[in-house]
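Notes to accompany the following structure.
Derivation of every value follows stated rules applied to the coordinates shown; laboratory data play no part. Predicted, not measured: the structure shown is a model, and the values here were computed from it. Ideal geometry is used to build each Cβ from the backbone, glycine not excepted, and the neighbour counts take in all protein chains shown.
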Amino acid sequence: ALNATEDQVLVAEISSFQLEWVDRFRPVAAGITNITPDHLNRYESFEEYAETKQRIFSCQGKGDFAVVRANDPVVRAPGKEAGGYVPRHLRGGASQEPADLPRVLTFGATSDDARVEEMEFVAFGERLPWASFPMEAIHDRQNAAMAAMLTYGLLKHKGSPLIAEAIARRTEPGNPYAARKAPLLDAIPTPILDGLRSFKGLAHRMETVGARDGVRLVNNSMCTNPDAVIKSTQALKDGAHILMGGVNKDLDFAPLSRYLANRRHRVYLFGQDARDIAIVLGGDPPIFASMEEAFVAATGAARSGEIVVLSPGCASSDQFKDFRDRGNVFRDLAKEWLDR
């Protein structure tokens, strides 16, 4: 960042730890996917943690863009209060934003900007079939919608001609959207859509490592809280074998227990807090001294059509340098198994 030039764009994932002390950090476009309990071994309450996360918007002003999930019950966009669902006829538009605040763009099931429907992605009213994108899981589609709005905000801030081109495309004769009466102020540029369609995923985030004899191996080491376990494994068919464990950050695993009670997933626990987590989960899940032992057991039990996934739900500091190291160790174990 210190060596960046004016024509470069910096993309950063900012942790709550970093946001505790920033006082001049002003991103052109910033977003929060959601806020669920995490790092409660550092913060006195979930409310304090949520407030810290929302400091990402604190220095933004006119000309900037804040991206949040529509009607999020926790995340408070600049100048707004968090809350539940708001009917569309009662929602305010972008023109009502105070002059000194960033423009708020939303995504999600009830968004007017980037709506995530079951079969379609609706970007500023333009309907695009999900079949043309690689994202299948609902959380991946939510993330894609948010990424589209962040990129749109950046282009809008820079005055990119791509937005004018997108509006012209939407309003040219023969386009189904050309007959609308209200002027079209926003339209999603084609390069943003092309980028989403060519996206291959990131390391340690539901990363498919390989498959053998019909068993697929997935590295999701970035998953460091129980809510992330739920969200990521919802995308998997029943019968997944989940490697879970490490250092619990004073988080409640009871919701995960209720989720697993209604699925046919099997859990293989390892790490420092495995026994405490097993008590909360119930059902007497097997406990192993290391991730390697859990991996051997899971791959030995998995059958064709099933998935073995590292989705720890915990911090990695008991046995690894960080989540990347944990994911790399899983990759090495997977490569050995795949090469047999």
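Sorting check: for 120-126, 42-48, 62-68, which peptide has the highest mean count of neighbouring beta carbons within 10 Å, and how do the rest follow? Let's see the in-between values first.
On the way: 120-126: 19.4, 42-48: 13.0, 62-68: 21.6.
Top of the packing list down: 62-68, 120-126, 42-48.
Give the shape of segment 197-340 as rounded, prolate or oblate, defined through the alpha-carbon gyration tensor: a ≥ b ≥ c are the square roots of its eigenvalues, a/c under 1.5 means rounded, and otherwise the shape is prolate if a/b is larger than b/c and oblate if not. Let's see the in-between values first.
Details: a/c = 1.35, a/b = 1.26, b/c = 1.07.
Rounded, since a/c falls under 1.5.
If you rank Thr106, Thr33, Thr171 by fewest surrounding Cβ atoms within 10 Å, what's the result?
Values: Thr106 23, Thr33 19, Thr171 15.
Exposure proxy ranking, most exposed first: Thr171, Thr33, Thr106.
With unit charges on the beta carbons (Lys and Arg positive, Asp and Glu negative) and the dipole taken about the Cα centre of the chain, which residue among Ile56, Gly31, Ala182 sits farthest to the positive side?
The listed residue farthest towards the positive side: Ala182.
Explain nothing, just the number: dipole magnitude of the chain about its Cα centre with +1 on each Lys and Arg Cβ and -1 on each Asp and Glu Cβ, in debye rounded to the nearest 20.
Working: 41 positive and 45 negative charges, 177 e Å.
Dipole about the Cα centre, nearest 20: 840 debye.
Among Leu155, Leu40, Gln18, whose Cα sits farthest toward the positive end of the charge dipole of segment 16-197 (+1 at Cβ of Lys/Arg, -1 at Cβ of Asp/Glu, about the Cα centre)?
Leu155
Among Leu333, Leu202, Leu105, which comes first, then next, by fewest other beta-carbon atoms within 10 Å?
Leu202, Leu333, Leu105
Using the crude model of +1 on Lys and Arg Cβ and -1 on Asp and Glu Cβ, and no other charge, please compute the dipole size for segment 207-338 relative to its Cα centre, in debye to 20.
Working: 16 positive and 17 negative charges, 93 e Å.
The dipole of segment 207-338 has a size of about 440 debye.
Which pairs, out of Lys62/Lys156; Lys231/Lys321; Lys62/Lys158, put more than 18 Å between their alpha-carbon atoms?
On the way: Lys62/Lys156 12 Å; Lys231/Lys321 25 Å; Lys62/Lys158 13 Å.
Those over the limit are Lys231/Lys321.
Taking segment 166-271, which trypsin sites (Lys or Arg not before Pro) meet the DSSP loop condition and have no more than 10 other C-beta atoms within 10 Å?
Details: sites: Arg169, Arg170, Arg180, Lys181, Arg197, Lys200, Arg205, Arg212, Arg216, Lys231, Lys237, Lys249, Arg258, Arg263, Arg264, Arg266; in loops: Arg180, Lys181, Lys200, Arg205, Lys237, Lys249, Arg263, Arg264.
Here the sparse-neighbourhood loop sites are Lys181, Lys200, Arg264.
Mind giving me the FRET efficiency for Gln234 and Asp213? R0 is 22 Å, r the Cβ-Cβ distance, nearest 0.05 is fine. It would help to have the intermediate numbers written out before the result.
Details: r = 25 Å, r/R0 = 1.15.
That pair, Gln234 with Asp213, gives E of 0.30.
At 222 nm, what value in deg cm²/dmol follows for the chain if DSSP H runs of at least 4 each add -39500 (n - 2.57) and the sum is divided by all its residues, to the nearest 500?
Values: 10 runs with 103 residues, N = 340.
Per the formula, -9000 deg cm²/dmol.
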